[in-house]
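Dropping the structure in here first, questions after.
The values are calculated or read from the model by the stated rules, or taken from the named source; none is laboratory data. Predicted, not measured: the structure shown is a model, and the values here were computed from it. No Cβ is skipped: glycine too gets one built from the backbone with ideal geometry, and neighbour counts run over all protein chains shown. The accessibility values were calculated without ligands, DNA or RNA, using every heavy atom of the protein model including side chains. Shrake-Rupley method; radii C 1.70, N 1.55, O 1.52, S 1.80 Å.
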Amino acid sequence: MGTLDRPDHIAPAEADAPIRLTPEHFRVIALLMVSAFTVILNETTMTIALPAIMTDLTITETTGQWLTTAFMLTMAVVIPTTGYLINRLGTRNAYMLAMSIFTAGTLLGALAPTFAVLVSARVVQAMGTGIMMPLLMTTIMTIVPPQIRGKVMGNITLVIALAPALGPFMSGVVVDLAGWRAVFAVVTPVSALALTAGILWVRDVGEKERQPIDPLSILLSLLAFGGVVWGLSQLGESADEASVMSPYVPLGVGVVALGAFVWRQLARQRTDSALLDLRTFRSGNFRLAVGIMAIAMIAMFGSMILLPLILQNAMGYSPTLAGFVVLPGGLAMGLLGPVVGRLYDKRGPRPLMIPGLAGVTLAVVLLATINTGTPLWQVVLAQFVLMVGLSFTFTPLFSSAMGDLEMHLYSHGSATINTVQQVAGAAGTALFVALMTIRSTRLEESGASEAEALTGGARLAFMVGAIVVATAILLAARIKRVEGGPVH
């Protein structure tokens, strides 16, 4: 197979002609966008389907949250290795690998006879998802002319932002109509068609390279991130005596492994062979941005996992209605992306991030007042404010963090931020469910009904979340505008 031509230059005679993608380039980018939309949509479908899965497979909330947690942890381990995979395999083979793995995982999820198999299916799906996003960005930076790159990236950002918003709503409708297995069954043929189209259309971009990879770094990252998140989830399981070991065992292993992982990266970055080059943390903006990003992701995914549980199991709403509740906020977050980007160009990070994080804090405080009699409009409003606040936070975070790095650290900075996103999201999911379970178990023991205990547990989780998010406002006040203007 040949390679796609790269837009290295524009001939003088063509300088005044409109710059457009060739039909072949347009087709490949469109295919990659559809594929990325499919795999990202899948990341948020389990939040709405979880109550139905809990009933069908007879599992608890602390066990069920692993459908989201395991997915994000796998992403956190895979993302730092994607540069190596893309350079080693080439664009075409990397796409085939990503979509083949994702399709296999989706089919396995539809047929999963047990919860263990279902979690394994989510892990397989996450492997494919983790490869797809860096592959899309790498292809765009290679074949799209610089003069229209911003326009193409804007369209992709919109698509990527809308996918997580539509995932819960789509899942709710499908679960109501055909059950939770249909969520996987609906995605499988779409993924298979994308794979088939890729066989016909996708060609290699650039030259393949043989780069070394450090297996020990991958193992340490798995032990570090997995141990911390597993320990947090065990806190909830220990509350209802379902834990098989003390939560402090995996937490301890995770902390020790994290220290070893950091030491390994510091040693290997001297020869530019680190899995994650930690010299990115020499930038003050980058350090602050990573901290705020972790806090924001904890609030976002913690809320996303609890709301469907409360709406369906405590307040009695259908999966479709539960999915609709989170739809307006998700759509607003996606549509506001380009607007926030333009405001950032004019105002810089702090005028956007400080009110954005204040809005997130207010929204989580509102969610901390939820009970079985809370009107639905109040929940919709709180979730809407939460997502709008996050939209005013994420774009300035990315731009301020990356714009303060040296060019040769861009790839490591991006990988670090994406890894922190996934780990923090997984930790937030585990932490919120653990706090809810601990509190709701105590309330049930004191005579509260199951619904009252569940909302009582959620109130504690949201209140802790609000306190954590409030600290991020102080960090945001120290973010500086990049000299020479924001860099995207």
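So what is the calculated 222 nm ellipticity per residue for the chain, using -39500 (n - 2.57) for each DSSP H run with n of 4 or more, over all residues, to the nearest 500 deg cm²/dmol?
So the helix-based figure for the chain works out to -26500 deg cm²/dmol.
Can you tell me, using C-alpha contacts under 8 Å and at least 6 residues apart, the relative contact order of the range 417-488 as a whole percent?
On the way: 35 pairs, mean separation 19.6, N = 72.
Averaging sequence separation for qualifying contacts and normalising by length gives 27 percent for the range 417-488.
Send over a whole-number figure in Å² for the accessible area per residue of the chain, probe 1.4 Å.
Counting only protein heavy atoms, the per-residue value for the chain is 41 Å².
Roughly how many debye, to the nearest 20, is the charge dipole of the chain about its Cα centre, given +1 on each Lys and Arg Cβ, -1 on each Asp and Glu Cβ, and no other charges?
Details: 28 positive and 26 negative charges, 224 e Å.
It works out to roughly 1080 debye.
Right, something else. Non-local amide H neighbours of Asp204 (under 5 Å, H modeled in plane, Pro and chain starts lacking H): which ones?
Hits under the 5 Å cutoff: Leu4, Arg92.
Using only Cα atoms and rounding to the nearest 10 degrees, what angle (0 to 90) does helix 146-178 make with the longest principal axis of the chain?
So the helix axis and the longest Cα principal axis differ by about 30 degrees.
For the chain, with all protein chains present and a 1.4 Å probe, just round the carbon and sulfur fraction of the accessible area to a whole percent.
Heavy-atom surface of the chain belonging to carbon and sulfur, 1.4 Å probe: 65 percent.
Cβ under 15 Å from Ala110's Cβ, Ala110 left aside: what net charge do those residues give with Lys, Arg +1 and Asp, Glu -1?
+1
Tally Lys and Arg at +1 and Asp and Glu at -1 over the other residues with C-beta under 14 Å from the C-beta of Met46: what net charge comes out?
Charge balance near Met46 sits at -1.
Quick check: the angle from helix 376-403's long axis to the longest principal axis of the chain, C-alpha only, nearest 10 degrees?
Taking the Cα atoms of the chain, the angle to 376-403 is about 40 degrees.
Further question on the same structure: Calculate the spin-label point distance for Lys346 paired with Phe26, positioning each point 7 Å from the Cα along the beta-carbon direction, and give it in nanometres.
3.3
For the ranges 383-389, 128-134, 86-92, what's the packing order if you count other beta-carbon atoms within 10 Å of each residue, average per peptide, and put the highest first?
Going by the mean number of other Cβ atoms within 10 Å, highest first, we get 128-134, 383-389, 86-92.
Further, regarding this structure: Kindly give Rg over Rh for the chain, based on alpha-carbon atoms, with the Kirkwood expression for the hydrodynamic radius. Let's see the in-between values first.
On the way: Rg = 22.2 Å, Rh = 23.1 Å.
With Rg and the Kirkwood Rh in hand, the quotient comes to 0.96.
Rule-of-thumb check for the range 32-190: C-alpha Rg over 2.2 N^0.38 Å? Show your work: numbers first, answer last.
Details: Rg = 16.2 Å, N = 159, 2.2 N^0.38 = 15.1 Å.
The range 32-190 yields a ratio of 1.07.
Tally Lys/Arg at +1 and Asp/Glu at -1 over every other residue whose Cβ is under 10 Å from the Cβ of Arg350; what's the total?
+4
Counting only C-alpha contacts under 8 Å and six or more residues apart, can you give the relative contact order of the range 344-488 as a whole percent?
Working: 159 pairs, mean separation 59.4, N = 145.
Averaging sequence separation for qualifying contacts and normalising by length gives 41 percent for the range 344-488.
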